[in-house]
Each structure stands twice: as C-alpha cells, then as structure tokens.
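Notes follow the structure.
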Amino acid sequence: MDNIQVNIADIKEEIKKICHHCGRNHEDITLIAVTKTIDPERINDAVDCGIADLGENKVQEIMDKYDAVSKNIKWHLIGHLQTNKVKYIIDKVGLIHSVDSIKLAEEISKRAEKNNITKDVLVQINVAEEETKFGIGLEEAVDFVKSISGFGSIRIKGLMTIAPYMEDPEGVRPVFRQLKEKFDELAQMNLPNTDMKYLSMGMSNDYQIAIEEGANMIRIGTAIFGKRNYNK
Ligand SMILES: *Cc1c(COP(=O)(O)O)cnc(C)c1O
C-alpha cells in the first residue's frame, strides 16, 4: 500500500505533537482523508490504516466510488455543491462542509425532510475574500447563520474555510484565527438548530497552524496519498 500507511502514521504523530504543545487533546481532532482523484482500492487501504472520515469535493466522485469503498466510514462533501445535485448525496454524506447560500441550505433541508433525516452542515466562510473561492464573507457570517437556522431539517454544526495557499503557512495564521473568533462568537449566540461543534480548517500545507489556532477537523489529501494526478 505504497506510503499511505507511513504517511498516516506520520500525520497522526504530528497531530499528537502539536496538541501536546498547545494543550489540546489529540482525540478531539478528526483527520479527514481527502480522496479526490484517488481510486477506491487506495482509499480502502487508507481505511485499513484507521481512516474513518473521507472527503470529496465533487458529487460525481462520491457517486462513482460509493459502492466500492468501505461502508465503515463517514463521507464529507468539502467542495462547492450545486442545488440540483443535493438529491444525489443527501443519503450518502454525513457532513456537508460547503453551505454557501440560503438557497442551498433550503434545498438540503427540504431533501433531508423527505428522507426523514436531519443533515449536519458547516457554513463555508471565505475569510480572505478571494474571488476564486466560494463562501460567505466573515462579516456576513452571523446574519447568514441566523437566516438559515430556521430550516428545520438541517443542523448547523460549525464553520469551514479554505485558506489561501501560501509558501510559508505561517502567513495564513490570521485567517484561521479570525475564523476561530467567529466560531466562538456564534457558539455563544445559542441560535436554533445550531450546535457549533466543528471547525474545519487546515490542509496538507497548513494543518499544523490550523490546529494551533483551534481547528478540530483537518482535510488532508496530498500528505496521505501523494501528489494528485488529474489527467488519468
Ligand atoms: C483538495 C482539498 C483538500 C486537500 O488538499 P491537500 O493540499 O491535498 O491536503 C482540502 N480541502 C478541500 C476543500 C479540497 O478541495
């Protein structure tokens, strides 16, 4: 299973080290293996190494891999979700990280209700206001959460961000810090259908900093599976 086993062990060790260093419990950190472009066989290798959470950014990839991947895992949708595709994944994913419009939240709630479930979601925040990225602005976050908290069949479980890529990840620390502040602010508001539990931030390049700043879900692809090949 090439280096997957070693890579996962290294990352878990690193998580422990960072948590020890900043006085956190490493068991509070969920490691999501990001499996875009990775085939089911290697995904199952990762599951055999103890991975219990898998992240995909495309609906189609979850659909394609769903049956071939172990059922003892929780799928996370971490990429932009089009309203018309909600129906395909509503019964497949445990957590949707990328709620970025009222229309989308409404559709998820509607589909969840039809399935007699409530769906856990995170609100995606575009902290750095990058034009190329989806997400709600930091200043709009409170109003946005308030406006979707009335939908009865979703539970707002926290916030997610994709930080800008920087050569030196130290540069994204303020992004993570600002999101943690907003997360704490929302947690104190006790809004309906809202339980601020997950702060999803940090990827291969910057997860150490994200954990130091309060992340409890990190999304790691390259550091587990190696560099992605998009033209298979
Ligand atoms: C691809 C992706 C990741 C993982 O990125 P790596 O740098 O490979 O760890 C994390 N989050 C999202 C939303 C992604 O699309």
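Among the conditions (1) touching a strand residue (DSSP E or B) at 6+ places or on another chain (Cβ under 9 Å); (2) within 16 Å of the ligand (Cβ to nearest atom), the only one that ILE108 does not satisfy is (2). Figure legend. Inter-residue proximity from the stretch 187-203: first residues free of Cβ contacts under 8 Å to residues at least 12 places away in the same chain, second residues surrounded by 21 or more Cβ atoms within 10 Å (Cβ to Cβ) and not hydroxyl-bearing (Ser, Thr, Tyr), beta-carbon distance below 7 Å, spacing 6+ or different chains. Indicated pairs: ALA187/MET196. Criterion applied to ALA223, ALA215 was being of a type in the set (A, V, I, L, M, F, W, C) and either crowded, with 21+ Cβ neighbours inside 10 Å or away from the ligand (no atom under 16 Å from the Cβ) (or both), and the one residue passing it is ALA215.
Has the stretch 69-79 got at least one residue that is over 17 Å from the mean Cα position of the chain (by Cα), surrounded by 19 or more Cβ atoms within 10 Å (Cβ to Cβ) and away from the ligand (no atom under 14 Å from the Cβ)?
yes
In summary, PHE134 fulfils each of the numbered conditions (1) in a loop (DSSP other than H, G, I, E, B); (2) within 26 Å of VAL69 (Cβ to Cβ); (3) away from the ligand (no atom under 14 Å from the Cβ) with the single exception of condition (3). ILE18 meets the conditions (1) part of a helix (DSSP H, G or I); (2) of a type outside the set (S, T, N, Q); (3) out of contact with any Asp or Glu (no Cβ under 8 Å at 6 or more places or on another chain); (4) away from the ligand (no atom under 14 Å from the Cβ) in every case but one. The failed one is (3).
Residues are listed down the side, and each one gets a yes or a no for (1) in contact with a helix residue (DSSP H, G or I) (Cβ under 9 Å, 6 or more places away or on another chain); (2) within 16 Å of the ligand (Cβ to nearest atom); (3) within 18 Å of ILE51 (Cα to Cα); (4) of a type outside the set (Val, Ile, Thr):
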site: LYS180; (1), (2), (3), (4): no, no, no, yes
site: MET189; (1), (2), (3), (4): yes, no, no, yes
site: MET203; (1), (2), (3), (4): yes, yes, yes, yes
site: ASP206; (1), (2), (3), (4): yes, yes, no, yes
site: ALA210; (1), (2), (3), (4): yes, yes, no, yes
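Within the stretch 100-110, take every residue that is without any contact (Cβ under 8 Å) to a residue 40 or more places away in the chain, assigned to a helix (DSSP H, G or I) and not hydrophobic (A, V, I, L, M, F, W, C) and give me the one that is surrounded by the most Cβ atoms within 10 Å (Cβ to Cβ). Ranking the qualifying residues of the stretch 100-110, first place goes to GLU107. When restricted to residues that are within 16 Å of the chain's Cα centre (by Cα) and in a loop (DSSP other than H, G, I, E, B), the stretch 178-212 contains 6.
Bear in mind these aren't lab numbers, they're just calculated from the coordinates by the rules spelled out. A quick note: this is a predicted structure, and the numbers were derived from the prediction, not measured. Heads up, the Cβs are rebuilt from the backbone with ideal geometry, glycines too, and the neighbour counts pull from every protein chain shown.
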